[in-house]
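Chemist: This structure is in structure tokens; I'll ask about it shortly.
Every number in this text was worked out from the coordinates using simple rules, so none of it is lab data. Note that the structure is predicted; figures quoted are calculated from it, not measured. Neighbour counts run over all protein chains shown; Cβ positions are idealised from the backbone, glycine included.
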Amino acid sequence: MEKLKYERPFIKKLNAGLMNKFGTRTEYTPHTHIDGVAVKELVAKYGSPVFVISEKQIRRNYQNAVRAFKTRYPKVQFAWSYKTNYINAVCNVFHQEGSWAEVVSGFEYQKAKGNGVPGNKIIFNGPDKTVADLELAINDGAMIHIDHFDELYELQELLTRLNKKARVAIRVNMDTGIYPMWDRFGFNYESGQAWNAITKIMASDNLELTGLHCHIGTFMLSTAAYGVAAAKLSDLAMNIKSRFGKIIQYLDLGGGFPSANTLKGSYLPGADIVPSIDEFAEVITSTLLNYGYKQDELPLLILETGRALIDDAGYLLGSVLATKRLSDGRRATIMDFGVNILFTAFWYDHKISPAQEFTHHTEDMVLYGPLCMNIDVVRESISLPLLNKGDQVVVHKVGAYNMTQWMQFIQMRPNVVMIDVNGNPHLIRNKETIDTLHDMEVLPDYLKKFEL
């Protein structure tokens, strides 16, 4: 019989929580497989930590979102938000499902083109479009969403020099009752700035105003705010038709739909408070259908949904490095992944599950990463079964932003694996090595020699 590891006893106040008809609350179940593939096998083959993406879940999420909107509105088009997760394999799953590309930089634009997305199916957002970026987008016939007056004037000058025309939209910011208001990007609706931009575009011989765009916030928990946004964009569209006789081809409501993650400080878990995609669809489509458009003049509804379509398709698998007691008696568990690759740990209280069987003894603990930084806290307080060195855990709902905002800091970025719809794992991004760093560095000759 294996000798149990000794751990000194300590006294701690216990809060058992409220009883219910099922007894005391327990939610700890081992998460041993992802889409039929054993967690232990994935770690053994691809290392720890490792990100895992479920292709089946991505397609399920996308098809559900399309159903929610297309059953309520006749003209709908989704555009995958590249900044949410721009690994090519992930992007191409969305493109296979029929999604266009939405990008916010020249770098993302190049990725979308490299994935085979035609220019006229790329929506180019963002405040930082270089002259070279704009020229490429013009030549490709991309949808250029103008963010500020400096960009508008630069675009007009470029088109005059090239003797070409471009189809454009403007980004509109507005008061939707959600504060703080997102007014950093685009032209303001209430102040008349958006209408001023519209009149300048309509007076230009080189610009064709084809759409109106807004992105009112992120992780939005209010469906009503989207109704306000749809109404204000529709108001602009109607005024454009009345004043200039121009019919706006599309309204782009952006993204911002939340996933089922639990925000830090939230009283209830995300799954209990996050509206469904159907609730957002009902508000947006009802507003548009009831606004007064003629049936043959209904604008195409574009949605740039990111987080809500990918978050729950992503997992992070990691291993326990060590356990210890802090000076105040709390249990601390140190993992082999930290906030360098799990950036969303700053935003969410991620659900974390053991990947193996365990005893039903649980304890509140702090979950730390391996970085030599005091801010490297994966969970400040989480009740988990007692974990031992070498045990694995599964972090849930990490598909959005972690693989675009991760850092190469102290540790190299790990492998990323996708499990296809048939349950076969595929490596879709190689882990970094020391050569990854060396290949980008240039060492001057005079620094190559030294004596210690």
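Chemist: Mind sorting 122, 146, 273 by how few other Cβ atoms lie within 10 Å of their own Cβ, fewest first?
Modeler: So the residues, fewest neighbours to most, are 273, 122, 146.
Chemist: So what's the net charge close to residue 79: Lys and Arg +1, Asp and Glu -1, counting the other residues with Cβ under 10 Å from its Cβ?
Modeler: Charge balance in the 10 Å sphere: -2.
Chemist: Relative contact order for the chain using alpha-carbon pairs under 8 Å, separation at least 6, rounded to a whole percent? Walk me through the intermediate numbers first.
Modeler: Values: 867 pairs, mean separation 83.8, N = 452.
Answer for the chain is 19 percent.
Chemist: Any chance you could list P(r) for the range 55-311, counting all Cα-Cα pairs in 5 angstrom bins from zero, rounded to whole %?
Modeler: 1, 6, 14, 17, 20, 18, 13, 7, 3, 1, 0, 0
Chemist: Please tell me which of these pairs span more than 32 angstrom C-alpha to C-alpha: 5/351; 70/164; 351/431; 56/264; 111/448?
Modeler: 70/164; 111/448
Chemist: Please sort by residue number the trypsin sites (Lys or Arg not before Pro) in the range 282-389 whose DSSP state is loop and whose Cβ has at most 13 other Cβ atoms within 10 Å.
Modeler: 294, 389
Chemist: If you don't mind, there's one more thing I want to ask. Excluding residue 104 itself, what net charge comes from residues whose Cβ is under 14 Å from its Cβ, given Lys and Arg +1 and Asp and Glu -1? It would help to have the intermediate numbers written out before the result.
Modeler: Details: positive: 83, 111, 129, 171, 184; negative: 102, 108, 128, 133, 147, 151, 252, 304.
Every neighbour counted, the sum reads -3.
Chemist: I'd like to know which of 287, 33, 221 lies farthest towards the positive end of the charge dipole of the chain, counting +1 on Cβ of Lys and Arg and -1 on Cβ of Asp and Glu.
Modeler: Value computed over the given set: 33.
Chemist: Between residue 158 and residue 356, what is 0.36 nm times their sequence separation minus the Cα-Cα distance? Round to one decimal in nm.
Modeler: Residue separation times 0.36 nm, minus the Cα-Cα distance, leaves 65.3 nm.
Chemist: Now for a different question. List 51, 450 from most exposed to least, where exposure is judged by having the fewest other Cβ atoms within 10 Å.
Modeler: 450, 51
Chemist: Please state the relative contact order of the range 55-311 as a whole percent: Cα pairs under 8 Å, 6+ residues apart?
Modeler: 20 percent
Chemist: Expressed in nm², what is the orientationally averaged projection area of the convex hull enclosing the Cα positions of the chain?
Modeler: 29.9 nm²
Chemist: What 222 nm value per residue comes from the helices of the chain, counting each DSSP H run with n ≥ 4 as -39,500 (n - 2.57) and dividing by all residues, nearest 500 deg cm²/dmol?
Modeler: Result for the chain, helices only: -8000 deg cm²/dmol.
Chemist: If you restrict to DSSP beta bridges whose two residues both lie in the chain, what percentage is antiparallel, to the nearest 5?
Modeler: 45 percent
Chemist: According to a simple spin-label model (label point 7 Å from Cα along Cα-to-Cβ), what is the distance in nm between residue 238 and residue 139?
Modeler: Between residue 139 and residue 238, the simple spin-label model gives 4.3 nm.
Chemist: Could you tell me whether the range 304-452 comes out rounded, prolate or oblate from its Cα gyration tensor? Rule is a ≥ b ≥ c as square roots of the eigenvalues, rounded for a/c under 1.5, then prolate if a/b exceeds b/c, otherwise oblate. Could the numbers behind the result be given before it?
Modeler: Numbers: a/c = 2.05, a/b = 1.29, b/c = 1.60.
Oblate is the answer for the range 304-452, as a/c is 1.5 or above yet b/c matches or exceeds a/b.
Chemist: Using only alpha carbon pairs under 8 Å that are at least six residues apart, calculate the relative contact order of the range 105-157 and give it in whole percent.
Modeler: Rounded, it is 37 percent for the range 105-157.
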